[in-house]
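The values are calculated or read from the model by the stated rules, or taken from the named source; none is laboratory data. Not measured: the values here are computed from a predicted model. Backbone-built Cβ (ideal geometry, glycine too); neighbour counts: all protein chains shown. Surface areas here come from the heavy atoms of the whole protein model, side chains and all, with no ligands, DNA or RNA. Shrake-Rupley method; radii C 1.70, N 1.55, O 1.52, S 1.80 Å.
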Amino acid sequence: MSNDEPSESPWASSVVLGSGDTAFIRPLTRDDRPALAEFHRRQSPESIYRRFFSPKPELSAKELDHFTAVDMVDRAALAVESHDEFIAWASYERWPGRNEAEAAFMVADDRQGEGIATLLLEHLAAIARSNGIERFTAEVLGDNRAMLAVFAKAGWPLQRRFDSGVVDLDWDLATTDEFLDSVERREQRADSRAVARILIPRAVAVIGASERAGSVGDAIWRNVVDGVDAPTYAVNPRHDTIHGHHCHRSISDLPDEVSLAIVAVPALALDDTIDECIAKRMRGAVIVTSVDDTDVDVAALVGRARRNGLRIIGPSSMGIASPRPETRLQAALVEVALPAGGVAISMQSGSLGGSLLRKARDVDLGISWFVSLGDKSDISANDLLQFWEYDENTTVVAMYTESFGNPRKFARIARRVSRTRPIVAVRTGAAATGEMASALYQQAGLIEVPTVPALLETVRVLATQPVLRGPRVAVLTNSRSPGTLAGAALTAAGLEPVPGPVTLDWSARSTEYPAAMRAALDDPDIDGLLVIHAPAVADDVDAAARDIDAGASDNTKPVVAVLLGGADGPVAPGSRVPAFTFPEQAAAVLGRSYAYARWLRDEACEPDEKFRPVDPAAAHVIIADAVAAAAANDDDIHLDLATRRRLLATYGIDMAPATESTPASAVADATEIGYPVAVKALRRRPGRSARAGVALDLASDDDVTEAVAVMRDSLGDDADDLIVQAMTSPGVDVRIRCEHDDRLGAIVTVGLGGAQADTIDDRTSRLAPVSPASATTMLGETRLAAALDVADFDSWSLVDAVVLAAQLASDHPEIAELDLNPVIVSDDGAVVTDAAIRLVRHIAEDGPLRRLD
């Protein structure tokens, strides 16, 4: 590490390599000359020739000065370090007088193939874009296939020219969809491998293993030594043996094969312990130790670990576990005595984790993984989702989270994972507050549940039954009262209870259930089946359970059972049919399953093409001009009416013709626009009358004169500034509001509009941009769909306006607030009649940058 403290640079960060290892990227400084010279000497003559096109066993003093004396504007250079050793470096130099720069790389011979060059390229591109450089060039020897592949796979469209054995490349640094997709794929692979290095260890050491009954070290060691197929080792400086097993006195004494440490040491010893794990080149550490009310600097500890290839789960983790034979791992405070199955569980709360596991055992829930994240200082739910997305043993993800580390990344990853694996989530604490959290969960397709018991109820149905593709659920029961209760519960869950082809009554025997169930499942007008059995005597429960299980064999529609007098769990031992104690539980889960199916059908797709052409470049010019014209100390910039109309027009959003006016010019302005008109005071009162500052349907000069007089009498000086606007056809008032959130980007909210929009509080939110399918779903989540249907107005013009407004706000982060209220929807389409747009000074996004935040 140089004396210039490069870690303080905004371009310094820990990163995940393609191998899953971590390293540290930072700018080169003049103090790095000796390290750069030594790095160069370690490389093979072939690698040196490919980088410099000539033999160069040593870098000269002049070259070292040139490569390290950079301003990070016209000339930039980055180094990659692992365990305080250079493993790669890269640079760009701007071509004089051009917005182009030449890029070059060199990766250590023994670290090639880990995706380091691609990471460096992405980081160099981000620095270049921030400095107005729009294009890179590079020269590569024709036989350097590895480097040519790096450029080809980066995601930018390349232009190639071949001359005298050298390939000349150049490419735009624009963040195209292809580039974004490419970065996302590389990120998923790297993050997944990083998690796999922890969850599938080569060997495990328990640091702080103990023989003292009731201690944390004792509980963990007992579970690890009996529940891990990989070699296990105990470490405790005060013991030679632990429960008859050899105990190492120090971490340095451990074999090199140990890749995972379970850390249960006193908080004061945590820093030294992690440093020893780093020195041993371990890959992961699960920290069970709690650091609450201690002086442990967790951020600094994690920073050191990340830079040197060690990833951390915790502190305050309850451990990790998997009962699957191929990944058997019991490294948790409590024994995870669950059968192997398809549910992966991520818990942030340690104490709740123990309760959840006990309840999961009671209902015989099969799991693939259990991970207690604890304080979530490093490895987060984002990382776990990246791993579980392609884990063939995981079919459902269950999550309990109290906070979002990187919510934008979470939304992006969860949305992608939700397309193939349902994610059921309980959120509380900071993760549960505000429209931001609601919009995030809706956009990502997460199945939100209110409680941990509801979490278990939902995942065990989704793990064993097909998704409910339609709302029609048949209730098959031998008792009228439970059937009535089930029907009401299904209706409350947003489903439609329907009769089955075969009905049963109190006299029906359990052997009649299979035929009745198959008839219902074969009926094309039935989407799912809720089976209830009320036993005449207690002994009937087991027989009914077996018969219900038989009736659901090879089902392609979801079947859930309610056994009155039975217990939650499989309807029969080994059955895939989930059973509940009461109908309300079963109905609620089916409702969530159908909501997820609707999301898959309507919103899981990527945003569609825009309805009309949009012009982001023109919008950028308008925004940039407005920001430049504002006072330097003006952080909130409000656009005037004419600028608002021009900005909305760049995205095809219709705003009724209008002009800013005064009492003296109102009549002339109304005549120019054309009657009928509306006259509004800029500073008006609640209500829709001239005395409140709003006069509508004015058909003549006299009407305008009279309305202005009433406003001046009622509002005084507040009536000095007016807007005269062409009247639109009457229709449904809608509010479309977009706000910029620093962590998530733009959030779009839609609901009934007008002067009382806040009082009505009819709204739903999504992260922008949104697809037409998502926008349509949003209308159905409010009273807008019903209002448009009653008025017999087509919704597509409103859907169009929502999509385009969200795209405008998403494309331009300088838009802090975009409030269109009301947008009047009628046979003439969706027309904006009032708009407020507030800008802030915002540094343009640098595009995707893979780094550990």
Review point. Given (1) 31.7, 114; (2) 29.4, 101; (3) 32.1, 102 as candidate values of Rg and Dmax of the Cα atoms in Å, which corresponds to the one derived from the coordinates?
Key: (3)
**Study point:** Debye equation applied to the C-alpha atoms of segment 399-526, log10 I(q)/I(0) at 0.22 Å⁻¹
**Key:** -1.29
Check your understanding: Which of Ala619, Ala678, Val589 sits closest to the plus end of the dipole of segment 565-687, meaning its Cα is farthest towards the positive end, when Lys and Arg get +1 and Asp and Glu get -1 on the C-beta?
Key -> Val589
Revision key, fill the gap. D (µm²/s, integer) via Stokes-Einstein for segment 53-168, Kirkwood Rh across alpha-carbon pairs, 10 °C, 1.306 mPa s: value 105 µm²/s
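Based on the mean of other Cβ atoms within 10 Å per residue, sort peptides 333-342, 586-595, 234-243, 785-794 so the most packed one is first. Show your work: numbers first, answer last.
Details: 333-342: 18.3, 586-595: 23.9, 234-243: 16.8, 785-794: 14.0.
Result, highest mean first: 586-595, 333-342, 234-243, 785-794.
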**Study point:** Estimated vicinal HN-Hα couplings, Hz - segment 56-71 in sequence order (Karplus 6.51, -1.76, 1.60; Gly, Pro = x)
**Key:** 8, x, 10, 8, 6, 4, 5, 5, 4, 4, 5, 6, 9, 8, 10, 9
**Study point:** Volume of the Cα convex hull of segment 536-577, divided per residue and given in Å³
**Key:** 69 Å³
Check your understanding: What residues have an amide H closer than 5 Å to that of Leu141, excluding those fewer than 5 places away on the same chain, when H is modeled at 1.01 Å from N in the peptide plane?
Key -> Val167
Practice item. Give the shape of segment 239-338 as rounded, prolate or oblate, defined through the alpha-carbon gyration tensor: a ≥ b ≥ c are the square roots of its eigenvalues, a/c under 1.5 means rounded, and otherwise the shape is prolate if a/b is larger than b/c and oblate if not. Key: rounded
Point to revise | Helix-only mean residue ellipticity at 222 nm for the chain, each DSSP H run of n ≥ 4 adding -39500 (n - 2.57), per residue, nearest 500 | key: -11000 deg cm²/dmol
Review point. Based on the Cα gyration tensor of segment 692-779, what are the three equivalent ellipsoid semi-axes, each the root of five times an eigenvalue, rounded to whole Å and given largest first?
Key: 35, 16, 11
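Computed over the Cα atoms of segment 500-658, what is the convex hull's projected area averaged over all directions, in nm²?
17.3 nm²
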Exercise for review: Taking amide H positions as placed in the peptide plane 1.01 Å from N, state which residues far from Thr22 in sequence (5 or more) or on other chains have amide H under 5 Å from it.
Suggested key: Leu17, Gly309
Point to revise | Estimated vicinal HN-Hα couplings, Hz - segment 559-568 in sequence order (Karplus 6.51, -1.76, 1.60; Gly, Pro = x) | key: 10, 10, 10, 10, 10, 5, x, x, 10, 5
Exercise for review: Quick one: P(r) of segment 635-727 from all Cα-Cα pairs, 5 Å bins, percents rounded to integers, in order of increasing distance.
Suggested key: 3, 15, 25, 23, 18, 10, 5, 1, 0
Point to revise | Charge dipole (debye, nearest 20) of segment 696-769; +1 at Cβ of Lys and Arg, -1 at Cβ of Asp and Glu | key: 700 debye
Review point. Between Asp720 and Asp828, what FRET efficiency comes out of the Förster formula 1/(1 + (r/R0)^6) with R0 = 51 Å and r the beta carbon distance, rounded to 0.05?
Key: 0.95
**Study point:** Accessible area (Å², per residue) of segment 592-744, counting only protein heavy atoms and a probe of 1.4 Å
**Key:** 51 Å²
Exercise for review: Mind ranking 21-31, 52-62 by how tightly packed they are, going by the mean number of other C-beta atoms within 10 angstrom, highest first?
Suggested key: 21-31, 52-62
Review point. So how strong a dipole does the chain carry about its Cα centre when Lys and Arg Cβ are +1 and Asp and Glu Cβ are -1, to the nearest 20 debye?
Key: 2280 debye
Review point. Can you list the HN-Hα couplings for segment 640-657, worked out from phi with the Karplus curve (6.51, -1.76, 1.60; θ = phi - 60°), rounded to whole Hz and with x for Gly and Pro?
Key: 6, 4, 4, 5, 4, 5, 5, 5, 4, 5, 5, 10, x, 8, 6, 10, 4, x
Point to revise | Debye equation applied to the C-alpha atoms of segment 166-262, log10 I(q)/I(0) at 0.19, 0.23 Å⁻¹ | key: -0.89, -1.13
Review point. Which far-off residues, 5 or more places away or on another chain, put their amide H under 5 Å from the one on Cys247, with H placed in the peptide plane?
Key: Thr241, Ile242
Review point. Hey, what's the Cα Rg ratio for segment 208-260 versus the globular rule of thumb, 2.2 N^0.38 Å?
Key: 1.06
Exercise for review: Determine one quarter of the surface area of the Cα convex hull of segment 696-842, which equals its mean projected area, and express it in nm² to one decimal.
Suggested key: 10.3 nm²
Review point. Just the accessible area per residue of segment 224-310, please: how many Å² with a 1.4 Å probe?
Key: 45 Å²
Practice item. With an 8 Å cut-off on Cα pairs and a minimum separation of 6 or more residues, tell me the relative contact order of the chain in percent. Key: 8 percent
Revision key, fill the gap. Quick shape check on segment 279-333: root eigenvalues a ≥ b ≥ c of the Cα gyration tensor, a/c under 1.5 is rounded, otherwise prolate if a/b tops b/c, else oblate, and it reads oblate
Study note, to complete from the structure: In whole µm²/s, the translational diffusion coefficient that Stokes-Einstein assigns to segment 23-120, given a Kirkwood hydrodynamic radius over C-alpha pairs, 10 °C and 1.306 mPa s, equals 115 µm²/s
Revision key, fill the gap. Expected sort for 381-392, 573-584, 707-718 on mean C-beta neighbours within 10 Å, highest first, is 381-392, 573-584, 707-718
Review point. So what's segment 543-608 giving for Cα Rg divided by 2.2 N^0.38 Å, two decimals?
Key: 1.37
Practice item. Calculate, in whole percent, how much of the Cα-Cα pair population of segment 718-765 lies beyond 14 Å. Key: 65 percent
Check your understanding: How big is D, in µm² s⁻¹, for segment 565-658 by Stokes-Einstein at 37 °C and 0.692 mPa s if Rh is the Kirkwood radius over C-alpha pairs?
Key -> 172 µm²/s
Practice item. Compute the label zone of Thr556 within segment 491-533: residues whose backbone N is under 18 Å from the point 7 Å along Cα-to-Cβ. Key: 517-529
Practice item. Using only alpha carbon positions, build the gyration tensor of segment 337-476, then give the equivalent ellipsoid semi-axes as the square roots of 5 times its eigenvalues, largest first, whole angstrom. Key: 22, 19, 15
Review point. Points 7 angstrom from Cα along the Cβ direction at Ala492 and Glu46: gap in nanometres?
Key: 7.1 nm
Exercise for review: Report, to the nearest whole %, how much of the accessible area of the chain belongs to carbon and sulfur atoms, 1.4 Å probe, protein only.
Suggested key: 49 percent
